[in-house]
1. Under the rule of -39500 (n - 2.57) per DSSP H run of 4 or more residues, summed and divided by the residues of chain A, what mean residue ellipticity at 222 nm is obtained, to the nearest 500 deg cm²/dmol?
2. Using +1 at the C-beta of Lys and Arg and -1 at the C-beta of Asp and Glu, which of C:Thr20, C:Phe32, C:Tyr9 has the Cα lying farthest in the positive direction of the dipole of the range C:3-45?
3. Taking amide H atoms as placed 1.01 Å from N in the peptide plane, list the residues 5 or more away in sequence, or in a different chain, whose amide H sits under 5 Å from that of A:Gly67.
4. What full-extension length gain, to one decimal in nm, is calculated for A:Thr60 and A:Glu242 as 0.36 nm per residue of separation minus the Cα-Cα distance?
5. For the range B:55-281, state the average projected area of the convex hull of the C-alpha atoms over all orientations, rounded to one decimal in nm².
6. For the range B:237-282 and the range A:178-196, what is the separation of their Cα centres, given in Å?
7. Consider just the alpha-carbon atoms of the range B:21-86 and return their Rg together with their Dmax, both in angstrom.
8. Select from C:Ala82, C:Ala156, C:Ala269 the residue whose mean-square fluctuation is largest in a Gaussian network model of chain C (Cα-Cα springs shorter than 10 Å).
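Just so it is clear, none of the values below were taken in a lab; they were calculated from the coordinates. The shown structure was predicted, so the numbers you read here are calculated from the model rather than taken from an experiment. Cβ sites come from the backbone with ideal geometry, for glycine too, and all protein chains shown count toward neighbours.
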Amino acid sequence: MTEEKIKLSTQNLNLWFGNKHVLKNINAAFAENKVTALIGPSGCGKSTLLRSFNRMHDLTPDARIEGKLFLESLDLYDKNISVTQVRKRIGMVFQKANPFPKSIYDNINYGLKINDIPQGDRKGIVENALKESYLWEEVKDELNKPATRLSGGQQQRLCIARTVALRPEIILMDEPCSALDPISTLKIEDLIHSLKDKYTIVIVTHNMQQAQRVSDKTIFMYLGDIIEEADTAELFNNPQKELTQNYISGHFG
Amino acid sequence: MISKKTGAFLGWFVLLLCTGTVCFFLGIILADLITKGWPALSWEFISSGPTEGMTTGGILPAIVGTVLTTVITAIFAVPFGVCCAIYLNEYAKDTSFSRLIRASIRNLSGVPSIIYGLFGLALFVQGLSLGTSVLSAGLTLGLLSLPYIITTTEEALRRVPASMREAALGLGATQFESIRDVVLPAALPGILTGVVLTLSRAAGETAPILFTGAAFYITGTSGALNQEFMALPYHLYMLSTQHQAIEQVRPLAYATALVLLIVIVLLNLTAFYIRYKHRNND
Amino acid sequence: MNTRVRERYDAVFKLLFKTTGMLVIAVLGGIFLMLVWNTVAFFIKVSPVDFITGTQWNPSGSQASYGILPLVVSTTLVTIGAMLIAIPLGIGTAAFISEYAGKRLKNFLKPAVEMLAAIPSVAIGFLGIVVVGPGIAALTGQPNGLNALNGAVLLAVMALPTIVTIAEDAINAVPASYREASYGVGANRWQTLVFVTIPAAAPGIIAAIMLGVGRAIGETMTVLMATGNVSAFPKGFFHSVRTITATIAIEMGEVPYQTTHYFALFAIAAVLFLMTLAANLAGEYFVNRFRKYHAA
């Protein structure tokens, strides 16, 4: 336990949207090559916390952040840091699959292109990313098909492929299965398992069964506070706080 | 006392009458221009210049002039307007600066076209010494078109879902790259529709080109940008009010009006086609 | 391209976009400055009191006079005439389209209104000369029909699409619950329209009218071609008039640069600007009121 390397962490993180205090003095750490689940009722700030790591709030006009976020020892909100580099190192998969209205190939190729991956390497990377995302067998013959014609589950796996193609260190997943059917959901959960060898994954989920199935660690949040964090099995079997107990037993949320 | 039922019928009838009158206006405009313009319309009319003091011949130079000014208008107003709309929709927060821009746009769209003509005269013809020319007139119409292009472009940008921007940014694209590669392509059909509709309006405008370069008659079909030019709407104005033999050239005026109408209708149909095709692709 | 270069591009383009925003402000500022500057130059030579109260506009007479009153009265007269025609027709049509027309009829009527809006003003002015003018002449026994009434009819046609479109939006924006409440107490469609929907949409309809007024005041070509342009104090709808816009259009082409007459045309343009601005601001005020009212 103690030799775990901390990949991502926050220090006294506070975040406001206008006058609304959404994250309250958050101190959290995320271990390398582990899957950490963020759970909690709607509005508890779990997605907001997730999106602050890759600086997705930068464009929200009334968002204000205090405190520090670190990628290893790198201060993510340092003035001299490159936001685009941060987002390349910390990839993100969104709640609703959002493929570009381009071909399957171009969806993955886009990130390679803007990040200046040599032309000759791209084809291999695209193929690899699709294989890593369990999508290759389904689409290998129609890479030029518009991505919007794929099914919802396939689209979400494409979005994961698009992200892993850039070899990020961390993948943030914001309720990636909330819009999917159970079979697609299982496929993605399988995928998450296989990805954790290479990546550190933080996943926001509403679904407590899912948190138990996919994650090593779980953080329970409530109204902008971290209530409890522990190894997943520990948190679900032996919660220390009454609030956690109530939430995981379905009393609210 | 009229009964409730009769009252309702009368009300419906009055509204129907109003609607019928509006349609009648449109009908009479189209019918008159088409029935009287059509006989004077010929290939020769649109492919040759005016002859014998404009009592015979065609309107080729006016068509060329209108196309040229409209092209200048587009070259000037489209990039300018699209960039401004991008600023407003993608970058601007709700500050006093962005509110001032929006207020300016609303005001500009209400400024009478003749005042644009005066401004074009003061700024382009005299101030920048461009003279009365295609360039001055095109730029003046460009200013007039600006608020419409900005408004329609911003609307098109607003319809692009935020998730598209996030997808690009999440892959490490800069904001400019996400706009260039994702937002603009997705908004393109909407932007094009607005641009074509705006240009069709500009092509039919007369007041802004009165003092900025439109001429009654030029020899040949000169395409020089620093020369005065003939334009369809101005030509129609001159033929119908200023010509020494007004009754004699009336058929030519009708044919000119019909050509102008056809140009405008074609541009409008293009815009509707783009809109329609895009809808089917969704 | 490495990240640094890409981010440099990002910053440069952000600045470029922002600059175009500033330029838009500059365009309006430029128009405003031009009007003020030349108006001041005019007031140095002619007293503002003479300008505002003068009843004669005759810049090229031996005793040049620069009274704007006949022009303002002409513009007002033609605009009022246009509104007398366009307001009932416009609101009636808007109400018919949104409350009575079926889907197929709507699909015909809405493009028809858009088509009417697309017709260039010069073409409508032309029809004022060849259709409306002779018609008025035949009905009233005058030698020609180029008068204020003709201008009013044409301006009504020009303003109608604006009024219909915005009024229809306003009527459409009235929540269905209002109508349902009215039907619920036994009102029929007509009573609901007159006593519930139209009053609820009133601010939006007033906005439509004000924007139509703005359109009519600023319109040049139709009035230039169809009102006869006699520069005298207007006596009524059957007399020829000359609006502010027509005066600028006629005289600007011939006046020498930077003479009193030249400045005078900018001064009347400034008055025109203020008149349309007032109408448009009033329209905007009512649009906002309507939005706030229904956002709640």
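1. Mean residue ellipticity at 222 nm (helix-derived): -10000 deg cm²/dmol.
2. Value computed over the given set: C:Tyr9.
3. Here A:Asn14 satisfy the definition.
4. Result: 62.1 nm gained on full extension.
5. 14.4
6. Each part's Cα centre sits 59 Å from the other's.
7. 17.9, 51
8. Largest GNM mean-square fluctuation: C:Ala269.
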